[in-house]
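Here the structure is laid out as structure tokens; the discussion comes afterwards.
The values are calculated or read from the model by the stated rules, or taken from the named source; none is laboratory data. Model, not experiment: these values are computed from the prediction. Cβ: placed from backbone, ideal geometry, glycine included. Neighbour counts: every protein chain shown.
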Amino acid sequence: MKFSFDADKAILVVADMQKLFTDPSSPYGNDASPLIEPTNNLTKSARAAGIPVIHTSYQLKKDGSDQGLRSDWPQIGEGYFDPKSPWAAWDHRLEQEPADHILNRNRPGIFHNGQLEALLKKLGREQVILSGLSINYAISFSVHEAFSRDIPVFLVEDLSTLTAFEDQSKRDYLHQTLDMWACQLISLEDMLDKLDVSKTADALS
């Protein structure tokens with residue numbers, strides 16, 4: 001799909017870059033180190049262009065009281081997703097600023113519980129730049145939730161990937177499917193160019 005990007009209407013959402021999914025020493029053993037510096041570059045550019053940055057985490061209580069249908073994950077009972085777990089914490093290598101927004105949820109899609117949609121309305125924003133983990137789970141859920149709400153999503157291809165325990169051969173297929181039906185797939189380079197143009201336009205206005 002193709003949308004017309006408007007920096008004045010956009011927010012950036014970085015999804016689920018928690019230690020559980022990014023740290024090679026975590027129970028899942030996923031090493032997302034290659035995503036760290038590029039993600040920091042994206043958030044810096046977004047802030048410079050006046051675009052709000054939102055960090056969202058997937059958390060589930062150890063006692064299982066908020067797991068819903070996700071009762072087949074023993075990792076929940078082991079506490080890996082619990083808000084108090086060090087694995088549920090944001091990767092410390094990722095830069096956050098005081099003005100950034102932090103949203104937590106207990107379902108895969110970023111629009112679950114209404115916090116993000118309310119924030120969009122409060123900020124007067126109508127578009128989402130999306131990056132993070134994992135295409136097969138939170139990213140796919142989030143893109144379809146946005147589409148059902150008529151919210152354009154620009155999915156950053158280089159910064160949305162699969163975790164180590166998923167079938168890496170499916171990455172391109174999943175991206176292409178989302179791009180065809182529910183979002184616009186965009187390279188990090190192209191997104192940074194759009195943000196730089198927006199920043200320059202703001203400086204000249």
- By residue number, the members of the range 142-181 that are free of Cβ contacts under 8 Å to residues at least 24 places away in the same chain, under 26 Å from N106 (Cα atoms) and of a type in the set (S, T, N, Q) are S148, Q168, T177
- Residue satisfying condition, being under 21 Å from L116 (Cβ atoms), touching a residue at least 40 places away in the same chain (Cβ under 8 Å) and surrounded by 15 or more Cβ atoms within 10 Å (Cβ to Cβ), within set F3, F81: F81
- Please enumerate the residues belonging to the range 160-172 that are touching a helix residue (DSSP H, G or I) at 6+ places or on another chain (Cβ under 8 Å) and surrounded by fewer than 24 Cβ atoms within 10 Å (Cβ to Cβ). T161, L162, T163, E166, K170, R171
- Query: So which residues in the range 20-30 are in contact with a helix residue (DSSP H, G or I) (Cβ under 7 Å, 6 or more places away or on another chain) and surrounded by 23 or more Cβ atoms within 10 Å (Cβ to Cβ), if there are any at all?
  - Reply: L20
- Query: Is there a residue in the range 176-184 that is closer than 18 Å to P34 by Cβ and part of a loop (DSSP other than H, G, I, E, B)?
  - Reply: no
- Message: If I filter the range 182-199 for residues that are closer than 26 Å to N106 by Cα, out of contact with any strand residue (DSSP E or B) (no Cβ under 8 Å at 6 or more places or on another chain) and among the small types (G, A, S), do I get at least one hit?
- Response: no
- When you scan the range 154-205, how many residues do you find that are hydrophobic (A, V, I, L, M, F, W, C) and either at pLDDT below 95 or in contact with a Pro (Cβ under 8 Å, 6 or more places away or on another chain) (or both)? 10
- Those residues of the range 4-60 that are outside any loop (DSSP other than H, G, I, E, B) and of a type outside the set (D, E) come to a total of 34
